[in-house]
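Below is one structure; the comments refer to it alone.
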Amino acid sequence: MAWTVDWRVIVGGTDMTNPMRPYLISVEVVDRDGVDSDACSLTFDDSDGQVKLPAPRTPVEVMLNGVPVFSGFVDSTPWTLSRGGGRLLQVSCKAFDTRGKATENQLWHLDDTTFDKAAQKAGAAAGFSVQVDPVLASIMRDYWSPDGASFIAWGEKISRELGATFKLQGNRAVFAKRGQGLSVAGSALPTVFARCGRDGNVISVNIDPTKGRPRSKTKKVRFFDREEAKFKEKELTIDLEDAGDAIDTQRWNAADEDQAGTMAESQKVDAERNAGVGSAQLDLATEAMAEGTLVLTGARPGIDGTYRITGRTHAADRDGGAVTRCELAQPQGAAGKDDR
């Protein structure tokens, strides 16, 4: 069967679309709001061993309907054989070089400086240029250090603490504020419009906008005030209408009031973000991005509304067309509210 979506694959700087056309079975591109994101899988019919194995770390770019949806490197090439399924070669790619210096342990420290300078130092040591959201860049600490962790491990840890999304793409690293629907430069990420109904682009929806983890009204973090030589607490109120009366106190202490504030803010963002969970599958929507926004209409009161996209998968194959699956959270607007 013929492909119903226009695709293009560039390997090592060479356009391999036409040579691949007789053999490529499917393309899957995954984007999630974390360092384990931006993966691509190309599956080939390898019945005669005619597909050349690409070398690990070879650059790969993928476009769907003329839109760039992936840029990264070959990570592995698993091969399978089965009586009913034939011989298949899968080329698995990651958005960054997993064999590079991103996994190398780092030993350094900085005193009395901003997160931006600490992130730049960690990124430079791993061979990455770093972009930091202005909201995060000015955070001051009297001490920054990865304590022997790799750039990936330190980036994941610090992003959870600061309420950030940490992504590696090629030789570029990004720390962006979570849950805002904004890029690291402050511009709005694309909005996906999902319309249910006969003429809509929605294939399926599975979402519960009222579901989430146990909800507390207040997030509390303890820290030690050195000047007064006593423990204090930093509190933030969770912006959820149906939050309970319980207070969620972090089980470990922050170093000072500033760190307590950023930790509490991070937990507040995560609590509001996890207030609803679900997914939607659409006709191919190349504009969908993790941390972007999806607006659902035509479903029903309480389900229609705005959601944060926490993960996105484009899947295309030569037999079944092309779809986009969006993982959803953080219901907003009318989502979860039936005022009839």
Next item on the list: Find all pairs meeting these conditions: Cβ atoms under 6 angstrom apart; at least six residues apart or on different chains; first residue within the stretch 322-340 and surrounded by fewer than 17 Cβ atoms within 10 Å (Cβ to Cβ); second residue polar (S, T, N, Q).
Entry: Gly333/Thr306
Margin query: Step by step: first the residues of the stretch 160-177, then only those that are closer than 21 Å to Val69 by Cα and among the basic types (Lys, Arg), then the one that is surrounded by the most Cβ atoms within 10 Å (Cβ to Cβ). Which residue is that?
Written below: Lys167
Notebook entry, point to check: Applying the selection to the stretch 83-138, what residues are in contact (Cβ under 8 Å) with a residue 12 or more places away in the chain, within 30 Å of Val51 (Cβ to Cβ) and loosely packed, with under 13 Cβ neighbours inside 10 Å?
Noted result: Gly86, Arg99
Item checked: Some residue of the stretch 311-331 being out of contact with any Leu (no Cβ under 8 Å at 6 or more places or on another chain), under 15 Å from Gly179 (Cα atoms) and of a type in the set (A, V, I, L, M) -> yes
Check: Right, Asp46: in contact (Cβ under 8 Å) with a residue 24 or more places away in the chain and under 18 Å from Arg172 (Cα atoms) or not?
Finding: no
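Within the stretch 125-162, can you find the residues that are aliphatic (A, V, I, L, M) and touching a strand residue (DSSP E or B) at 6+ places or on another chain (Cβ under 8 Å)? Give the steps one after another, and end with the answer.
So in the stretch 125-162, the residues aliphatic (A, V, I, L, M) come out as 125-126, 130, 132, 135-137, 139-140, 149, 152-153, 158, 162.
Result: Ala126, Val130, Val132, Val135, Leu136, Ala137, Ile139, Met140, Ala149, Ile152, Ile158, Leu162.
Is there a residue being charged (D, E, K, R) and touching a Gly at 6+ places or on another chain (Cβ under 6 Å) anywhere in the stretch 146-165? Spell out how you get there, then give the answer.
Step one: of the stretch 146-165, the residues charged (D, E, K, R) are 147, 156-157, 160-161.
Now narrow it down to the ones that are touching a Gly at 6+ places or on another chain (Cβ under 6 Å): none.
No, that holds for no residue.
Every number in this text was worked out from the coordinates using simple rules, so none of it is lab data. Small disclaimer: the values here were computed from a predicted structure and weren't measured. Note: ideal-geometry Cβ built from the backbone for every residue, glycine included; neighbour counts use all protein chains shown.
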